[in-house]
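Asks: I have a structure I would like to understand better, so I am pasting it below and will then ask my questions one at a time.
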């Protein structure tokens, strides 16, 4: 998938700016009480969410990704951010390093084993009672047909492997199938993009 990320790094923010802006601001509002706390964006991509937080006064911001192309964009005009080229399933951070974590549109594109590894690692590096915000797709009775069609087209364009992982993610019932009730407690869920995207906030137990 490396070549796909090389291309996406160049076009991701300009192409998806208007679709992503309301989601970025919603995450900002959810994290206001953590503005002086350590926050990690897992699979931060171009770092757009971190830059939105930084522009609004957040200081202790960290982002990691495996794609060097994405991180090259993330580092532009972002000297205040802490950016790492790390595997989201094995970050090497100490246990309970962060008060909050974000995982934004990163689960659906991975295989099941990697998804589970990412969730396990997020649980490990976030402090007990910390906040974990996960943004990803949800195709159910609440989702509009317009949203489902539009997102499916975008995911297909992203590449064969990407699209297959996306279909498997939905087939497995998405996010609820990955989070165990004895490790995470859902405290809030909002919807965007024709009700086909969930912004879910969890407390880490």
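Read-outs: derived from the displayed coordinates by stated rules, not from any lab. Bear in mind the structure is a predicted one, so any value in this text is a computation, not a measurement. Ideal geometry is used to build each Cβ from the backbone, glycine not excepted, and the neighbour counts take in all protein chains shown.
Asks: Calculate the spin-label point distance for residue 157 paired with residue 66, positioning each point 7 Å from the Cα along the beta-carbon direction, and give it in nanometres.
Replies: Reported label-point gap for residue 66 and residue 157 is 2.4 nm.
Asks: Just grab the label-to-label distance for residue 36 and residue 187, each label 7 Å out from Cα along the Cβ direction, in nm (one decimal).
Replies: 1.8
Asks: Rg to Rh ratio, segment 44-176, alpha-carbon atoms and Kirkwood radius?
Replies: Rounded to two decimals, Rg over Rh is 0.98.
Asks: Calculate the FRET efficiency for residue 171 and residue 75 from the Cβ-Cβ distance with a Förster distance of 30 Å, rounded to the nearest 0.05.
Replies: 0.25
Asks: While we're here: Between residue 149 and residue 194, what is the spin-label point distance in nm, taking each point 7 Å from the Cα along the Cα→C-beta axis?
Replies: According to this spin-label approximation, the distance is 0.7 nm.
Asks: While we're on this one: Could you work out the relative contact order of the chain, using alpha carbon pairs under 8 angstrom and six or more residues apart, expressed as a whole percent? The partial results should precede the final answer.
Replies: Numbers: 358 pairs, mean separation 40.0, N = 205.
The normalised contact order for the chain reaches 20 percent.
Asks: Looking at segment 60-188, send over the antiparallel percent of its DSSP beta bridges, to the nearest 5.
Replies: So the antiparallel bridges in segment 60-188 amount to around 10 percent.
Asks: Same structure, new question: What order do you get for 166-178, 56-68 when each peptide is scored by the mean count of other beta carbon atoms within 10 Å, highest first?
Replies: Ranking the peptides 166-178, 56-68 by packing returns 56-68, 166-178.
Asks: Still on this structure, please answer the following. Rounded to the nearest 0.05, what FRET efficiency is calculated for residue 141 and residue 25 with R0 set to 45 Å and r the Cβ-Cβ distance?
Replies: With R0 = 45 Å, the Cβ-Cβ based efficiency is 0.95.
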